[in-house]
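Read-outs throughout are calculated quantities, based only on the coordinates presented, and are distinct from any laboratory measurement. As the structure is a computational prediction, the values presented were derived from the model and not from experiment. Every residue, glycine as well, gets a Cβ built from its backbone with ideal geometry; the counts of neighbours run over all protein chains shown.
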Amino acid sequence: MNSFPWLTIFVVLPISGGSLIFLFPHRGNKVIKWYTIFICIFELLLMTYAFSYYFQLDDPLIQLTEDYKWIQFFDFYWRLGIDGFSLGPILLTGFITTLATLAARPITRDSRLFHFLMLAMYSGQIGLFSSQDLLLFFIMWELELIPVYLLLSMWGGKKRLYSATKFILYTAGGSVFLLMGALGIALYGSNEPRFHFETSANQSYPVALEIFFYIGFLIAFAVKSPIIPLHTWLPDTHGEAHYSTCMLLAGILLKMGAYGLVRINMELLPHAHSIFSPWLIIVGVMQIIYAASTSPGQRNLKKRIAYSSVSHMGFIIIGICSISDMGLNGAILQIISHGFIGAALFFLAGTGYDRIRRVYLDEMGGMATSMPKIFTTFSILSLASLALPGMSGFFAELIVFFGIITGQKYLLMSKILITFVMAVGMILTPIYLLSMLRQMFYGYKLFNAPNSYFFDSGPRELFVSISILLPVIGIGFYPDFVFSLSVDRVEAILSNYFYR
Amino acid sequence: MEHIYQYSWIIPFVTLPVPMLIGAGLLLFPAATKKLRRMWAFPSVFLLSIVMIFSIDLSIQQINSSFIYQYIWSWTINNDFSLEFGHLIDPLTSILSVLITTVGILVLFYSDNYMSHDQGYLRFFAYMSFFTTSMLGLVTSSNLIQIYIFWELVGVCSYLLIGFWFTRPIASNACQKAFVTNRVGDFGLLLGILGLYWITGSFEFRDLFKIFNNLIYNNQVNFLFVTLCAVLLFSGAIAKSAQFPLHVWLPDAMEGPTPISALIHAATMVAAGIFLVARLFPLFVIIPFIMNLIALIGIITVFLGATLALAQKDIKRSLAYSTMSQLGYMMLALGMGSYRAALFHLITHAYSKALLFLGSGSIIHSMEAILGYSPDKSQNMVLMGGLTKHIPITKTAFLLGTLSLCGIPPFACFWSKDEILNDSWLYSPIFAIIACFTAGLTAFYMFRVYLLTFDGHFNAHFQSYSGKKNSSFYSISLWGKEGSKMLNKNLRLLALLTMNNKERASFFWKNTYQIDGNVRNMTWPFITIQNFNTKRIFSYPHESDNTMLFPMLILVLFTLFIGAIGIPFNQFNQEGMLLDIDILSKLLTPSLNLLHQNPENSVDWYEFVTNATFSASIAFFGIFIASFLYKPVYSSLQNLNFFNSFAKKGPKRILWDKIINVIYNWSSNRGYIDAFYAISFIGGIRKLAELIHFFDKQIIDGTPNGVGVTSFFVGEGIKNVGSGRISFYLLFYLFYALIFLLIYYSVYKFII
């Protein structure tokens, strides 16, 4: 194929473009904002162009590969490459980050640093999703932690330092295990460290060692994903972060955990995965119920949405661990779909907060009359989040259900139990989402503030929410948009489990 | 003929552009879209009438030659799994699509006037069109997944429309309740669908039935599991059709605008459960236990609904309970295996109940002008009465609807209900006795509604005696925005509703007696009557506009004549054989009738007449009791509590009073079921949420926080230790040296 280093450009472009921001003359924030948005859009368009011309959808192998030796004595390569599975998250990253920069336009304080950090995150995330090397994966994993920490601790809410510290401790703690696992895999059975995914995928380990590695990776990804009981950083972080950061956190960062779970745990350690998956399914089912029933007890709006994200992550875990074609497809679809829906919900909650300056649900009420547009979009997205048919969330959950039903790994009784409990989550979800809507918008309540008139969302906010809404509905009507990307790759991944 | 079927996939999608356009318009260009207001009603009616013509044509085709047409597209292509999207045209579909479109058009027409002053006029039409889209999609769907999709979509439409007036706290509670209750049913439906897929590997109805039959025939299935799946599937129908354990949402759903109650919560959406059971009838038939369960749930609902309707004050609520009871009849008929009777009752009931609801909407519309915009008042039957004089046309229509629902012979519901009652005698005498008794109850409560509303004196002037001081939010304003102004300046209340037509607001409230064509508009601003209690001029309700009366008249025609499609006209064909040619039987394949194994002699006129006389006499008995109790005593105060009229009757009146009190309490407390749910489920979930939140915060989050705090203190301690003073270090050094020496010494001693 062509040898043009597309992926390297995608990884390097945002951060290098971002570092140019510091060279700008002091002439107001406007230039910086436009510049950042320009870079984001340019990157997104470039990615779309490159993928549509140089990426074959029906090829399950790694494509657009690049392989440069980076550190000589260490045998460390700059290896990039994408396949059908990582294509979706990369495009999602581009899309959500662009919208997040657009959503961050009200930010005026220290906007140089802010926008640089956004672009740095962009690079880190794309680098993560496209890296084909364990050590590079780890480096990218760490690279995107620092911008999040700074974004959180500088532009957050009142308790931002507490949440930022909690975030960095949790994730850095998880990264230790990731590094240990990576080094372990690389050093096993040879004197030279080998970090390449493909060589490690073809290697087989003693079962005990494999389980050991698996646990290490699992802890790292469970923090990020999050899987209970390692989820408590998430509500705090989401509750305090600025909403543009929240969009990135909910839309992309959480997906990195799920991505790693498939990319490393499933592909590299198949035996351990089939040993662990029943337990993980139980954890996933518990997570759905647990988070969905914690959520109604939250007074803080953003925390409530954050718990709903935790609950939805449960479906991804179940899909990944069902070890069936459909389950994994459903998990990928859920990754994409929740990326859109979660980001949009946090965005809308943030814009609502900008206007009424209240975070507690029981202080709100009757906002529908003054802000009909926010009300409309918020209702539609809440309905999407509770898996209304015609939206993407429904399909993802349905296919995960089918994955469990058709999976050959589990017995009838356990299947019945799992589906039953998952479906209970389906009852709990509307309870907290709709009561959130009711408390915010419905009813009639005069605010104590003398000036109780709020602006409805302007064209920028409307644009952001509609442009998230369109793919949500589009996938809901025609889920093959996402399936066509991932079907072949999923089959290739799963073939490991059946033909060994 | 073929080509009609070919294009029938378009049925659900014709009305889809309306909600899409209105929605986009309202989001992007709100001002321009709102200016076009009435213009939007036209395309929605127009498109729906296209669908109506189309579906009538289809059903004529179906009558002529009953054949099932199915067309399928593949939707998602996965390796071992493909979802399909298709449409299935069979008699059931054609009947329901005609029903939906006819009632839908009439209701759209009606609501053009009913909602004309509402700020949410456009939103209303968007929701309505979206509802017809999804309902038509539901009835034309060809597989279970599609059914589930549209099932949820109609649920969401119902949610949006119940919460249409979202500034009312009650409405917002009601819509959430409706959605969550329906979701409980959907939970069952989804699990049932998944279970069936697991058993048969298919979603398509016809494949499904075929495979399932084979499996049953070869005895290859686990009966427990199959029954479980069927029960789960049925629970979807229970929730949607407001059957016994999950009926609680339907009465609350009456918070929505009245046209919605007519279309969704009486005629079409609540019939979706019946439709589902009818669609899966071939499946349910081979699992005998489930049929008994359906019949049992049906009869419980029939009885419960009727008893709960007995003492409701709110006119719409009593109609809602009556809907529930009638849906129970249909479920009962399905459970007994008389498919035809159930569908017949579905059709007749839909038209009669739509008529009744539109009639009640017209009454409410008239009463609102007098009593203010509060469902506590304008829908309160205690405050009505004597409306015959003021709104004669509505009265006639309402009376005809009432008579039909009671089962008085020439009207529609008589034919179907009679059929169900007859069949119930064949099925089980106990069920039949309950069903017949409930038929009497139906007549009783329907006439109670009628008499309280239209007979006697106009009671609205007694609203101050009604015991409730209304200081609720409704009395402020519907849309709330102008409410605060009103509190400051009482006389500014004419600006309460932001009307499109500004000139209407210029009428002053004293002009109520001005008699011209615009009385309706003029009296509208009376929303906050109680501010004027002292100087109010008594006014009387007025008949609604022609736009509202016209659909009611059409529905009256339907109520009069729709029974004809199920009446068997005996005719002799060329060979001189008795031929049964009622339209409904022609449509519905006779193989589905379980009870009448031999359709040739199903028409026995003598038997028919005796049965009909029996059921009609029960109805008349109910009417008689009702008129005995509720015939106004010309002392309006006594009308308020219906057992007051017994005050001077008979020596046994204490016992009688007690019985009546029990019934009254049972009914007005909604059978204590709502309270039970509120305590057990809602309270339970709240407690659980608090408990888990506590657990999450204290234990799961507490652990890392605890670790953090501990490490902080340890760090502080160490910092203190390493504070940098030489003497401190020396002390430590000496101390440890001493300890070392001691240990060394003791060990040394011990060894020696």
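Observations
- Distance in nm between pseudo-label sites at residue B:221 and residue A:9 (7 Å out along the Cβ direction from Cα): 5.9 nm
- Expected 222 nm ellipticity per residue - DSSP helices of 4 or more, -39500 (n - 2.57), all of chain A, to 500: -23500 deg cm²/dmol
- For the pair residue B:621 and residue B:673, the difference between a 0.36 nm per residue extended length and the Cα-Cα distance amounts to 15.8 nm.
- Subtracting the Cα-Cα distance of residue B:57 and residue B:750 from their residue separation scaled by 0.36 nm leaves 238.4 nm.
- Placing a label point 7 Å from the Cα of residue A:188 along the Cα-to-Cβ direction, the residues of the stretch A:461-500 whose backbone N falls under 20 Å from that point are A:493-500.
- Kirkwood hydrodynamic radius (C-alpha pairs) into Stokes-Einstein, the stretch B:191-285, 25 °C and 0.890 mPa s, D in µm²/s: 168 µm²/s
- Counting Cβ atoms of other protein chains within 10 Å of each residue's Cβ and taking the mean over peptide B:172-184 gives 4.
- Net lengthening on full extension, residue A:215/residue A:492 (0.36 nm per residue, minus Cα-Cα): 97.3 nm
- Note on the stretch A:48-151: along the principal axes its Cα atoms extend 44, 37, 16 Å, ordered by decreasing extent.
- When the inverse distances between all different Cα atoms of chain A are averaged and flipped, the Kirkwood radius reads 22.8 angstrom.
- Here is the tail figure for the stretch B:676-751: Cα pairs spaced more than 21 Å apart come to 65 percent of all pairs.
- Compactness of the stretch B:1-106 was expressed as the Cα radius of gyration divided by 2.2 N^0.38 Å, which yields 1.33.
- Peptide B:689-699 has a mean shielding of 5, counted as Cβ atoms of other protein chains within 10 Å of each residue's Cβ.
- The label-point distance for residue A:411 and residue A:56, in a model that sets each label 7 Å from Cα toward Cβ, rounds to 4.5 nm.
- Values of log10 I(q)/I(0), in the order q = 0.04, 0.06, 0.08 Å⁻¹, for the protein assembly as shown under a Debye, Cα-only, solvent-free model: -0.26, -0.57, -0.95
- Here residue B:728 and residue A:176 are evaluated by their C-beta separation; at R0 = 51 Å the FRET efficiency comes out at 0.90.
- Pairwise label distance in nanometres, residue B:72 with residue B:560, each label 7 Å out on the Cα-Cβ vector: 4.7 nm
- Taken residue by residue and averaged, Cβ atoms of other chains lying within 10 Å of the Cβ of A:288-294 number 4.
- Cubic angstrom per residue, convex hull over Cα atoms of the stretch A:342-500: 131 Å³
- Listed residue (B:679, A:274, B:342) projecting farthest to the positive dipole end of the protein assembly as shown, Cβ model: B:679
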